[in-house]
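The block underneath contains the structure these notes are about, expressed in structure tokens.
The values are calculated or read from the model by the stated rules, or taken from the named source; none is laboratory data. Please read these numbers as outputs of a predicted model, since none were measured by experiment. A quick note on method: Cβ atoms are made from the backbone with ideal geometry, for glycine too, and the neighbour counts reach across all protein chains shown.
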Amino acid sequence: MTDNDTPRTDGGTDPQTAETASTPDPSGEPLVDSSIDVEGRSESASTATARSVIEARHLDVFYDDVQALDDVSMEIPAKQVTAMIGPSGCGKSTFLRCINRMNDLIDTARVEGELYFEGKNVYDEDVDPVALRRQIGMVFQHPNPFPKSIYDNVAYGLRIQDDDDNLDEKVETALKRAALWDEVSDQLDKSALDLSGGQQQRLCIARAIAVDPDVILMDEPASALDPIATSKIEDLIEELAEDYTVVIVTHNMQQAARISDKTAVFLTGGELVEFGDTESIFENPESQRVEDYITGKFG
Ligand SMILES: Nc1ncnc2c1ncn2[C@@H]1O[C@H](COP(=O)(O)OP(=O)(O)OP(=O)(O)O)[C@@H](O)[C@H]1O
Ligand SMILES: [Mg+2]
């Protein structure tokens, strides 16, 4: 196979593409009703004390002189869904990209402070970002399958790692976990580009989980999808959190309330204003600014 057209090894995509594709600022529109139903996975996970897998300590990020994150400290628990919400430009994608060092690919980005993954600072000199991204996969707003068959997309990361024993079985398992197998099992040789947007996004999730990462980062994974495809992705995310730590950025408050265990609210200036159990954040936020934001008083 020639890999010229698919140079990445992390199951991810070009962060610049993802950046330019971000959603418009929702300012001006009420984002949510003042009462949001919080379903979440609260009874299963957020009440239990989970081990933290990722920990940011006094994290600052600058793009040249512009500060995008300001002294962010938080701990992300294992095998739960952590949602990041906040208005456009508040640093959500920047934070996500710190976790698997995708910000390394942006020349002007400078990170200060510490970001631990399993107790190891990912910015230590001896950390290999490519290996890190195998453990911390990423899925972006716009599905970005490679121009290859469905099978080859899912097998891609495994082949790169020379992990191609029982490849058929591994591809099948990843597609099943991504809730796509039933729709594509008889057409694995078909081009991934011929799938629908929602199917492509589940394929990208299958590609990310095929290499068996510990963490899956998702930057607005459903915002380009219709309600039915969105609902499939939401169900899938909740299921994935049984095996993986999931961190998701979303502009959709109801989505955060429905599927996450923890919610982090970033506000303008790259400040993490509140972080806690999703239920408390939506039903009883400590900060007036957070309350104003989640009730749609400002965007
Ligand atoms: N590649 C970049 N170069 C320069 N500045 C950037 C870059 N990426 C982000 N920024 C700036 O950093 C700040 C945070 O951006 P970021 O994309 O992290 O916000 P966000 O919360 O993800 O926004 P959105 O909800 O619109 O996706 C913004 O001021 C943005 O302009
Ligand atoms: Mg973003």
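Just name the residue that is nearest to Val130 (Cα to Cα) out of those in the range 151-204 that are in contact with a Ser or Thr (Cβ under 7 Å, 6 or more places away or on another chain) and modelled with pLDDT of 95 or more. Show your work before the answer.
Of the range 151-204, the ones in contact with a Ser or Thr (Cβ under 7 Å, 6 or more places away or on another chain) are 156-157, 160, 188-192.
Keeping just the survivors that are modelled with pLDDT of 95 or more gives 156, 188-192.
Working: Tyr156: 15, Leu188: 28, Asp189: 28, Lys190: 29, Ser191: 27, Ala192: 24 Å.
Among those residues, the one meeting the criterion is Tyr156.
Which one is nearest to Ala174 (Cα to Cα), of the residues in the range 237-273 that are assigned to a strand (DSSP E or B) and polar (S, T, N, Q)?
Step one: of the range 237-273, the residues assigned to a strand (DSSP E or B) are 245-249, 262-267, 271-273.
Still in the list and also polar (S, T, N, Q): 245, 263.
Numbers: Thr245: 16, Thr263: 27 Å.
Among those that are assigned to a strand (DSSP E or B) and polar (S, T, N, Q), it is Thr245.
Table: residues versus (1) touching a Cys at 6+ places or on another chain (Cβ under 6 Å); (2) under 24 Å from Gln161 (Cβ atoms); (3) acidic (Asp, Glu).
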{"position": "Asp182", "(1), (2), (3)": "no, no, yes"}
{"position": "Asp189", "(1), (2), (3)": "no, yes, yes"}
{"position": "Asp194", "(1), (2), (3)": "no, no, yes"}
{"position": "Gly198", "(1), (2), (3)": "no, no, no"}
{"position": "Arg202", "(1), (2), (3)": "no, yes, no"}
{"position": "Asp214", "(1), (2), (3)": "no, yes, yes"}
{"position": "Ala224", "(1), (2), (3)": "no, no, no"}
{"position": "Ser231", "(1), (2), (3)": "no, no, no"}
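Hey, could you check the range 187-235 for residues that are assigned to a helix (DSSP H, G or I) and hydroxyl-bearing (Ser, Thr, Tyr) and say which is surrounded by the most Cβ atoms within 10 Å (Cβ to Cβ)? Please lay out each step first, then the result.
So the first thing to find is which residues in the range 187-235 are assigned to a helix (DSSP H, G or I), and the list is 192-194, 197-210, 227-235.
The next check asks that each one be hydroxyl-bearing (Ser, Thr, Tyr); those that pass are 230-231.
Numbers: Thr230: 18, Ser231: 15.
Ranking the candidates gives Thr230 first.
Could you list, in sequence order, the residues of the range 47-93 that are away from ligand 2 (no atom under 16 Å from the Cβ), in a strand (DSSP E or B) and among the small types (Gly, Ala, Ser)?
Answer for the range 47-93, where residues must be away from ligand 2 (no atom under 16 Å from the Cβ), in a strand (DSSP E or B) and among the small types (Gly, Ala, Ser): Ser52, Ala56, Ser73.
Residue by residue, here is whether (1) surrounded by 18 or more Cβ atoms within 10 Å (Cβ to Cβ); (2) among the charged types (D, E, K, R); (3) touching a Phe, Trp or Tyr at 6+ places or on another chain (Cβ under 7 Å); (4) over 21 Å from Pro221 (Cα atoms) holds:
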{"residue": "Leu96", "(1), (2), (3), (4)": "yes, no, no, no"}
{"residue": "Asn100", "(1), (2), (3), (4)": "yes, no, no, no"}
{"residue": "Asn103", "(1), (2), (3), (4)": "yes, no, no, no"}
{"residue": "Val111", "(1), (2), (3), (4)": "yes, no, yes, yes"}
{"residue": "Val130", "(1), (2), (3), (4)": "no, no, no, yes"}
{"residue": "Phe140", "(1), (2), (3), (4)": "yes, no, no, no"}
